[in-house]
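I am attaching a structure below and will ask some questions about it afterwards.
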Amino acid sequence: MTGLSFDIAHLLAGSLVLISLLMLYQDRLTALINVFAAQAVALALSVAWQAHAQGAPHLYVTAFLALALKAIIIPVALQRIIKRLGIHRELDQAVGIGPAMLAGVALVGLALVVMLGVAPEADRIAREDLAFALSVVLLGLLMMITRRNAVGLVVGFMSLENGLVLAATGARGMPLVVEISVAFSVLIAFIVIGVFLFRIRERFETVDVAALDRFRGERA
Amino acid sequence: MNLDAFVAILGIPALAAAALALIPGYRLSAGLNVAASAATLAAAASLFLVRPPGGLYLRVDDLSVVFIVLSAFVGLTTSVFSASYIAHEVEIGRLTPARLRFYHAMYQVLMFAMNLGLIANNIGLMWVAIELATLTTVMMVAIYRTHEAIEAAWKYFILGSVGIALALFGTILVYVAAQPVVGEGLPGMVWTRLIAAAHGMDPALLNLAFVFLMLGYGTKVGLAPLHAWLPDAHAEGPTPISAVLSGLLLNVALYAVLRFKMLLAANPGAVAPGPLMIAMGLVTLIFAAFMIYRRRDIKRMFAYSSIEHMGVIAFAFGMGGPLANFAGLLHMTMHSLTKSAIFFNVGHIAQAKGTQTIADIRGLTVTHPALGWMLTAGVMAIAGLPPFGIFTSEFLLVSSTFARQPLLAVPLVFGLIVAFGALLMRLQSVAFGEPSPGTARVSASYLPILGHLALVLAAGVFFPPAITQWFQHVARLLG
């Protein structure tokens, strides 16, 4: 991968990091979910570009999964959940925006130092891609810590997972990427269902599963 | 495809899971569950005699055989225990028929996932298997649908997911390190090729990968400070699942850590992974030992005891060398057998007394002599008293540590003694105190408990030379 092709891959991967930082200071859940959907679109573009540049058509499956599931289905489902639970206007930040942003910038710096510092003579492109991916992973972890709400936690985790997909597709010729991304999608689908069960129980304080049965049709 | 042991080990649980999802009636499904587990054990045992040739995806070696056979054996005894445990749960209406079907199917899916993780020759496949095992156990922990159970499952889910996410990042880093040496595509994730080419990989990348893998899979092993999911998941789920979690799933995660430790050890430039494992092991051991004192819930207490023992095992493998590795393997085997026996026992006790609160369970040797005395034996074994097998492994570990690193032996012995005191203090009131109400008879299945305890006792008194040789061989493999 050289020249323009490399620059485009770089631009797309970098935009994921930027959107991760954007997510850090969203204090409303609806806005947070919208920004997450934007990150998923960026991820899908980035993976699709890798598929094109590496000549690896199976990666288009991963790109499509990212687009369909994480940019459309899950954000829509989460928006409906928070609307139903009446928490769409709630503020959700356990840590102030200033400290969170500072910590985020520090983590991105750490990721760059760690990844670019290890044996600089080896494959530079993969390394820079990994540095971006590690930044997204660390920012996702930070997001999970700074959110109080279960929905915010899930969005943080999914953003962390975006970083993993970025890393896996950036590693040239990595096998099983599609399988792993499918396995992860299943995991995420379960987490979303879990939020559903968990939050509803918390909301209505009932041990009667029949109360949950009404919502079954909503499972994404 | 030939009908070899791989097909059997993976196929039997998979088919059984599909069948169990359809069969109503718990008697039939519990029976089928036992039968499938027995068949899996037979297939696993056949690996001792005939070993199918490994491929790019699956393979067994001397290390994995130990884990597979142990896992299939405990899987079988747990299914026997589960049959009587579940019968009681159905009687008191805690489990509906639909959830029971789900439970049995999930049990076999879990066995499938663990076997797949153990025979995988591919680090990506191993990751997928451990993820699948996590998902199934999360669903089993939540099966009672109480507020506490769902909260425990949620906590397990989030921590476990972060753990496997970090492990995946480590796996990707290993591939990136391997790619220039092994080549692009599938071979870059195949275990046998990785280990053969490990000396040529970039050591800095491997070091970084190991940090992620250790943290990621370490979460699943239950190493402090990432252990928080473990006590909740053990306490709120059905007891057979507590037994399988403690006895097997922790081992599978540990197996993954050991595999990558071997990879690092094969690279001369990489840092020695030992000190990291020793440090995490010791912190885990001492922390968990103190936590045992303060537990009010009996299953939670034994969950902390599992964390403590995983700390000991991580310490042993971190020390490395033939003797410490031998002690680690022996300790892992003995811990799996003893802890699952204790959980079987505790499951029946909780059903008889209708509570898991330690303060409300007293004088068991009077009200339920068989269960009470077996619990006493189990706790004595897990606390490390002779003549049980755990004493042997702890003695080996402590003496070899004293010989090599006397200073490290001090915190090790300290942690073991603290845990010992805590367990015996609790045992005192649970087994011998003033009897508490609740004398209901339980139709307990004593066979699995007695079988496990007998094996642990036998290992402490007389260890067959054949198994000793096998373990010594594996210990040398581990470096």
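Under a point spin-label approximation (7 Å from Cα along Cα-to-Cβ), what is the A:H52-A:V182 distance to one decimal in nm?
The answer from the label model is 2.6 nm.
Treat each spin label as a single point 7 Å out from the Cα along the C-beta direction, and report the B:F432 to A:V76 distance in nm.
Distance between the two pseudo-spin positions: 6.7 nm.
Just how large is the dipole of segment B:272-479 about the Cα centre, in debye to the nearest 20, putting +1 at every Lys and Arg Cβ and -1 at every Asp and Glu Cβ? Don't skip to the answer; put the middle values down first.
Working: 12 positive and 5 negative charges, 53 e Å.
About 260 debye.
Okay, next question. Starting at the first residue of segment B:28-33, write each ³J(HN,Hα) from the Karplus equation 6.51 cos²θ - 1.76 cosθ + 1.60 with θ = phi - 60°, in whole Hz, x for Gly and Pro.
In residue order, the calculated couplings are 5, 5, 5, x, 5, 4 Hz.
Each label point is 7 Å from the Cα along the Cα-to-Cβ direction; what then is the distance between the points at B:A403 and B:T192, in nm?
Computed distance between label sites B:A403 and B:T192 equals 3.5 nm.
Another question, then. Got a sec? Which residues in segment A:21-40 would a label at A:K83 touch, if it sits 7 Å along Cα→Cβ and we count backbone N under 13 Å?
From segment A:21-40, the list is A:30.
What average count of beta carbons from other chains do you get within 10 Å of the Cβ of residues in B:146-154?
Values: counts 2, 6, 0, 0, 6, 3, 0, 3, 9.
For peptide B:146-154, the averaged partner shielding equals 3.
Let me know the charge dipole size of the protein assembly as shown about its Cα centre in debye, to the nearest 20, where only the beta-carbon of Lys, Arg (+1) and Asp, Glu (-1) is charged.
Numbers: 41 positive and 32 negative charges, 206 e Å.
That gives a dipole near 980 debye.
Going by Cα centres, segment B:327-368 and segment B:425-456 are how many Å apart?
Computed from Cα coordinates, the inter-centre distance equals 7 Å.
In percent, how large is the relative contact order of segment A:49-190, given Cα pairs closer than 8 Å and 6 or more residues apart?
Details: 123 pairs, mean separation 39.2, N = 142.
Result for segment A:49-190 is 28 percent.
Kindly write out, for segment A:4-10 in residue order, the coupling ³J(HN,Hα) from the Karplus curve 6.51 cos²θ - 1.76 cosθ + 1.60 (θ = phi - 60°), rounded to whole Hz, with x marking Gly and Pro.
Result, ordered by residue: 4, 4, 5, 4, 5, 4, 4 Hz.
If amide hydrogens are placed 1.01 Å from N in the peptide plane, which non-local residues have theirs closer than 5 Å to the one on B:D297?
B:I358
Still on this model: Per residue of B:168-180, count partner chain C-beta atoms within 10 Å of its C-beta, then hand back the mean as an integer. All intermediate terms of the calculation are to be shown ahead of the outcome.
On the way: counts 9, 9, 0, 6, 13, 6, 1, 10, 11, 4, 1, 7, 3.
Rounded to a whole number, the mean comes out at 6.
Between A:I125 and A:A106, 0.36 nm times their residue separation minus their Cα-Cα distance comes to what?
Numbers: separation 19, 0.36 × 19 = 6.84 nm, distance 2.25 nm.
Gain on extension, A:I125 to A:A106, equals 4.6 nm.
What ranking, highest mean first, results for peptides A:170-178, B:55-63 when packing means the other Cβ atoms within 10 Å averaged over each residue? The partial results should precede the final answer.
Working: A:170-178: 21.8, B:55-63: 16.9.
In descending order of packing, they fall as A:170-178, B:55-63.
Mind jotting down the distance between the C-alpha centroids of segment B:232-277 and segment A:39-96, whole Å?
Measuring centre to centre over Cα atoms gives 32 Å.
Taking only Cα atoms of chain B, what ratio of Rg to Rh do you get with Rh as the Kirkwood inverse-distance radius?
0.95
Using only the alpha-carbon atoms, what does segment B:52-113 span along each of its principal axes? Please give whole angstrom values in decreasing order.
Largest to smallest, the principal-axis extents are 48, 20, 13 Å.
Run the paramagnetic zone check for A:A31: 7 angstrom along Cα to Cβ, then residues of segment A:138-177 with backbone nitrogen under 18 Å.
A:143-144, A:146-149, A:151-153, A:155-156
Also, I was wondering about something else. What translational diffusion coefficient, in µm²/s and rounded to a whole number, does the Stokes-Einstein relation yield for segment B:167-307 at 20 °C and a viscosity of 1.002 mPa s, taking the hydrodynamic radius as the Kirkwood radius over Cα pairs? Numbers along the way, then the final one.
On the way: Rh = 16.1 Å.
It diffuses with D of about 133 µm²/s by this estimate.
Counting only other chains, and only Cβ atoms inside 10 Å, what mean value do you get across the residues of B:122-135?
Values: counts 2, 1, 8, 4, 0, 4, 6, 1, 0, 5, 3, 0, 1, 5.
Partner-chain Cβ atoms within 10 Å, mean over residues of B:122-135: 3.
Say R0 is 22 Å: what FRET efficiency, to the nearest 0.05, do A:Y60 and B:L56 get from their beta-carbon distance? Kindly include the intermediate steps, with their values, before the conclusion.
Working: r = 24 Å, r/R0 = 1.08.
My answer for the efficiency is 0.40.
I'd like to know which of B:H473, B:A431, B:A459 lies farthest towards the positive end of the charge dipole of segment B:272-479, counting +1 on Cβ of Lys and Arg and -1 on Cβ of Asp and Glu.
B:A431
Based on DSSP H runs of at least 4 residues, each adding -39500 (n - 2.57), what is the mean residue ellipticity at 222 nm of the protein assembly as shown after dividing by all its residues, to the nearest 500 deg cm²/dmol?
On the way: 29 runs with 533 residues, N = 699.
Theoretical 222 nm ellipticity from helices: -26000 deg cm²/dmol.
Quote the FRET efficiency, to the nearest 0.05, computed for B:V366 versus B:I417 with a Förster distance R0 of 35 Å and r equal to the Cβ-Cβ distance.
On the way: r = 30 Å, r/R0 = 0.84.
Plugging the Cβ-Cβ distance into 1/(1 + (r/R0)^6) gives 0.75.
Can you list the HN-Hα couplings for segment B:459-464, worked out from phi with the Karplus curve (6.51, -1.76, 1.60; θ = phi - 60°), rounded to whole Hz and with x for Gly and Pro?
5, x, 8, 9, 9, x
Compute the Kirkwood hydrodynamic radius of segment B:272-479, taking the inverse of the mean of 1/r over all pairs of distinct Cα atoms, and give it in Å to one decimal.
Details: mean 1/r = 0.0576 Å⁻¹.
Value: 17.4 Å, from the Cα pair sum.
Total Lys pairs in the protein assembly as shown closer than 22 Å by alpha-carbon, pairs eight or more apart in sequence or interchain only?
Summing the qualifying lysine pairs gives 9.
Hey, another quick one. Give the long-range amide H neighbours of B:L58: residues separated by 5 or more places, or on another chain, with amide H under 5 Å away, using H modelled in the peptide plane at 1.01 Å from N.
Hits under the 5 Å cutoff: B:N121.
If you don't mind, another one. So what's the protein assembly as shown giving for Rg/Rh, alpha carbon basis, Kirkwood Rh from the mean inverse pair distance? Before the final figure, lay out the partial values.
Values: Rg = 24.9 Å, Rh = 25.9 Å.
Ratio value, two decimals: 0.96.
Coordinate-derived values only; no laboratory data. Keep in mind that this is a model prediction, so the values were computed, not measured. Using ideal geometry, Cβ is built from the backbone for each residue, glycine included, and neighbour counts are taken over all protein chains shown.
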